[in-house]
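Novice: Please read through the structure below; I'll follow up with questions.
The values are calculated or read from the model by the stated rules, or taken from the named source; none is laboratory data. Model, not experiment: these values are computed from the prediction. Glycine gets a Cβ as well: all are built from the backbone with ideal geometry, and neighbour counts include every protein chain shown.
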Amino acid sequence: MELTSTSIADGQPIDSRYAHPNVGGANVIPELSWTRGPVGTKSYAITIYDPDAPTGSGFWHWILADIPADVTGIPEGGPLPEGVRQWVNDAQEKGYSGPFPPPGPSHRYIHTVHAMPVEHLPVDDDAANVQVRFAIHTSEVARAGVTGTYQVD
């Protein structure tokens, strides 16, 4: 499985249009495309994680699941496929929250697509994101990622 993006170049700075309004961005969902998961893939989940956030445990910017197995991409700005569920992220926003690190060194933003063995993630719509992430990470059958960086001076 491979994840690519016309919006995010691996290892390169992320354009400000994908950043959060708190740092002057437009909070546009980046384009993400992936190759099909292995046999047994019944859906996909996507996470965006900043391991450099000064929280001691990083910062989760986007957690969504139940992307149908026949879908292999999200267009820039959306829309999301029908039936996709999103959870409240660490910014306390439901859905996508672009990069918004504190001023200082560049942060990494790890965009990951997870191949899931179930059509619907077995967690409630109002579950805490840690429960959702646990369900994703303990049952995924494959994953692929692309990492961009963002910095506020």
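Novice: Restricting to the stretch 21-39, and then to whatever is surrounded by 15 or more Cβ atoms within 10 Å (Cβ to Cβ) and either of a type in the set (Val, Ile, Thr) or touching a His at 6+ places or on another chain (Cβ under 8 Å) (or both), can you tell me which residue is nearest to residue 4 (Cα to Cα)?
Specialist: 32
Novice: Which pairs turn up if I take residues in the stretch 139-153 that are under 18 Å from residue 30 (Cα atoms) and look for partners that are of a type in the set (Phe, Trp, Tyr) and not in a loop (DSSP other than H, G, I, E, B) with beta carbon separation below 9 Å, at least 6 apart in sequence or on another chain?
Specialist: Note: pairs meeting the criteria are 144/34; 147/109; 148/18; 148/109; 149/109; 150/18; 150/109.
Novice: Would you confirm, using the coordinates I've provided, whether residue 107 is closer than 19 Å to residue 54 by Cβ, modelled with pLDDT of 95 or more and not basic (Lys, Arg)?
Specialist: So residue 107 fits the description; yes.
Novice: If you don't mind, another one. Out of the residues in the stretch 94-134 that are under 15 Å from the mean Cα position of the chain (by Cα) and small (Gly, Ala, Ser), state the one that is surrounded by the most Cβ atoms within 10 Å (Cβ to Cβ).
Specialist: So, considering only residues that are under 15 Å from the mean Cα position of the chain (by Cα) and small (Gly, Ala, Ser), the one surrounded by the most Cβ atoms within 10 Å (Cβ to Cβ) is 98.
Novice: A further question on this structure: Consider residue 69 against the criteria (1) under 15 Å from the mean Cα position of the chain (by Cα); (2) among the small types (Gly, Ala, Ser); (3) under 20 Å from residue 116 (Cα atoms): it satisfies all of them except one. Which criterion is unmet?
Specialist: Among (1) under 15 Å from the mean Cα position of the chain (by Cα); (2) among the small types (Gly, Ala, Ser); (3) under 20 Å from residue 116 (Cα atoms), residue 69 violates only (1).
Novice: From (1) surrounded by fewer than 17 Cβ atoms within 10 Å (Cβ to Cβ); (2) within 26 Å of residue 70 (Cα to Cα), pick out the condition that doesn't hold for residue 12.
Specialist: Unmet condition: (2).
Novice: Suppose we filter the stretch 97-153 for residues that are in a strand (DSSP E or B) and out of contact with any Lys or Arg (no Cβ under 9 Å at 6 or more places or on another chain); how many remain?
Specialist: 12
Novice: In the stretch 8-35, what residues are assigned to a loop (DSSP other than H, G, I, E, B) and either touching a helix residue (DSSP H, G or I) at 6+ places or on another chain (Cβ under 6 Å) or without any contact (Cβ under 8 Å) to a residue 12 or more places away in the chain (or both)?
Specialist: Of everything in the stretch 8-35, those that are assigned to a loop (DSSP other than H, G, I, E, B) and either touching a helix residue (DSSP H, G or I) at 6+ places or on another chain (Cβ under 6 Å) or without any contact (Cβ under 8 Å) to a residue 12 or more places away in the chain (or both) turn out to be 15, 24, 25, 26, 27, 28, 30.
Novice: For the stretch 55-82, how many residues meet the condition of being touching a residue at least 12 places away in the same chain (Cβ under 8 Å) and either in contact with a Pro (Cβ under 7 Å, 6 or more places away or on another chain) or buried (at least 21 other Cβ atoms within 10 Å of the Cβ) (or both)?
Specialist: Qualifying residue count for the region: 13.
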